[in-house]
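See below for the structure under consideration.
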Amino acid sequence: NRRQTKYFSKDKIPSKGLIEDILKSTVYLTPSKQNFMPWKIIVLGPDKVKEKEALFRMAEGSDTPHEYEENKNIQVFAPYVFIYTMRLSFPNDHALFLKDQGYDVPACNPDKYFDTTCQQTASIEIGMSASILTYMCRNAGLDIGYLLCFKKWGFTKKDIA
């Protein structure tokens, strides 16, 4: 019964506790190469209206904030919005062991974590996590939608440092 949801009810907002449980289960169930988890989830809840407005304006074809009904990207106004992004991993015991053996650990290296290999690993893990998140939400009776209609800015590690 999975479907792409565009409009979300304003009066049926899931509890914060339910969302936290779903997120904890999602993170716990998502496999991660060497347990680095080179990604994170940013959650915008019902109180983050200004942030959702900004996301809406950043989406392709959303130049005016009053185009809601005509625009295809109004999913950003869902009660909860989950934003997946890369993150610099903290060295775990395995990473520290590898470093002691002379290996480079790009996922934990601020100068290298934004390189192609780390981006590919993070993208694969984000895909797995999003699939698990979808299952957990649907299992709890929640609708879910996806949006990747954002301008491609071409950020580099210099832009985010």
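The values are calculated or read from the model by the stated rules, or taken from the named source; none is laboratory data. Quick caveat, the model's predicted, so the values are computed rather than measured. Virtual Cβ from ideal backbone geometry, glycine too; neighbours counted across all protein chains shown. SASA here: full protein model, heavy atoms, side chains in, ligands and nucleic acids out. Shrake-Rupley method; radii C 1.70, N 1.55, O 1.52, S 1.80 Å.
The heavy atoms of Cys108 offer some 20 square angstrom of accessible surface to a 1.4 angstrom probe. Just how far, in whole angstrom, is region 91-124 from region 4-18 if you go by their alpha carbon centroids? Computed from Cα coordinates, the inter-centre distance equals 37 Å. Against the criterion of solvent-accessible heavy-atom surface with a 1.4 angstrom probe, Ile74, Ile124 sort, most first, into Ile124, Ile74. The modelled label-to-label distance between Lys12 and Ser25, using points 7 Å beyond Cα along the C-beta direction, is 1.8 nm. Probe radius 1.4 Å, ligands and nucleic acids ignored: give me the carbon and sulfur share of the accessible area of region 6-46 as a rounded percent. On region 6-46, the fraction of accessible area on carbon and sulfur atoms equals 58 percent. For region 133-140, putting each phi into the Karplus relation 6.51 cos²θ - 1.76 cosθ + 1.60 with θ = phi - 60° gives couplings of 4, 4, 4, 4, 5, 5, 5, 8 Hz, in residue order, rounded to whole numbers and with x for Gly and Pro.
Give me the number: length gained by fully extending Tyr135 to Phe97, i.e. 0.36 nm times residue separation minus the C-alpha to C-alpha distance, one decimal in nm.
In short, 10.2 nm is gained.
Efficiency by 1/(1 + (r/R0)^6): what FRET value for Cys149 and Asp111, r their Cβ-Cβ distance, R0 = 35 Å, to the nearest 0.05? It comes to 0.65. Shown are Tyr7, Tyr146, Tyr28, Tyr113, whose ranking by accessible area with a 1.4 Å probe and every protein chain present, most to least, is Tyr28, Tyr7, Tyr146, Tyr113.
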